[in-house]
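Okay, so here's the structure we're looking at.
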Amino acid sequence: MKNIAVFASGTGSNFQAIVDASESGTLEAKVTLLVCDRPGVKAIERAEKHGIPTFVFSSKEYRNKEAFETEILKKLKEAKAEFIALAGYMRLIGPTLLSQFQGKMVNIHPSLLPAFPGKDAIGQALEAGVSETGVTVHFVDNGMDTGPIIEQATVPVDENDTAEILQQKIHKIEHELYPKVIQDVLHTPTEKGEFV
Ligand code: GAR
């Protein structure tokens with residue numbers, strides 16, 4: 001069984017979907033750590049409810065990104081985490097973490113990348129007036145939502161969709177797609193053998 005860490009900054013509904021899939025066995029991995037950069041958010045409460053260890057930090061308390069990512073690496077080691085799933089973690093990953101987890105870190109983003117990267121992808125899609133948007137799961141590299149795409153799913157935008165309605169539709173797709181893609185990535189053998 002592989003150990004994975006999930007990073008979140010907010011509500012943590014995707015974190016919850018991963019935990020549920022792990023507990024039901026459809027995702028053959030154990031969530032051994034939640035990393036969260038916003039004290040007090042709902043994701044933390046969800047982790048506690050499931051007995052999952054958390055590392056909650058405030059970036060202001062560190063000199064720079066290298067300093068808090070060094071601390072995160074320590075916690076990942078303690079949790080024996082072999083793989084990272086970013087689930088609404090609203091920060092760019094720096095070289096300290098990336099060098100240790102390149103190819104072993106995925107992200108979910110609420111648009112059909114390369115369209116609408118960065119913040120408020122749902123607002124960007126509504127503003128652009130597109131008739132279709134979606135969800136992308138991709139490997140993480142040093143850019144903003146730029147790494148190699150693993151899988152995408154489309155979500156239709158109806159004329160009357162508000163940001164709230166569109167977010168609900170996107171979340172529903174995310175919660176199905178993300179645990180499935182993580183399962184595939186972790187358990188699809190590569191030429192070198194096992195993925196992780
Ligand atoms: C998700 O919709 C995720 O795709 C998005 O944040 C939301 C987090 O929701 N991520 C990004 O925008 C990353 N650039 P959640 O906390 O309920 O899982």
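The values are calculated or read from the model by the stated rules, or taken from the named source; none is laboratory data. All values reported here derive from a predicted model rather than from experimental measurement. Glycine gets a Cβ as well: all are built from the backbone with ideal geometry, and neighbour counts include every protein chain shown. For accessibility, only protein heavy atoms count, side chains too; no ligands or nucleic acids. Shrake-Rupley method; radii C 1.70, N 1.55, O 1.52, S 1.80 Å.
A few remarks follow.
- Cβ-based charge dipole, the range 66-194, positive-most Cα from His138, Gln100, Ile84: Gln100
- Percent of C-alpha pairs per 10 Å bin, the range 136-184, short to long: 23, 41, 31, 4
- With every protein chain in place, the range 1-55: carbon and sulfur % of accessible area (1.4 Å): 47
- If you wrap the range 72-171 in the convex hull of its Cα atoms and look at it from every side, the mean projected area works out to 6.5 nm².
- Here the range 76-175 has 52 percent of its accessible surface on carbon and sulfur atoms, given a 1.4 Å probe and all protein chains in place.
- Karplus 3J(HN,Hα) series, Hz, for the range 66-74 with 6.51 cos²θ - 1.76 cosθ + 1.60 (x for Gly, Pro): 4, 5, 6, 6, 5, 5, 4, 4, 4
- Degrees, to the nearest 10: 163-187 long Cα axis against longest axis of the chain: 40
- Charged-residue dipole, Cβ positions (Lys, Arg, Asp, Glu), the range 39-162 about Cα centre, Debye nearest 20: 780
- Summary value for the chain: 21 percent relative contact order, contacts being C-alpha pairs under 8 angstrom separated by 6+ residues.
- Solvent-accessible surface of the chain, taken per residue with a 1.4 Å probe and all protein chains present: 52 Å².
- Based on the convex hull around the alpha carbon atoms, the range 1-137 presents an average projected area of 9.0 nm².
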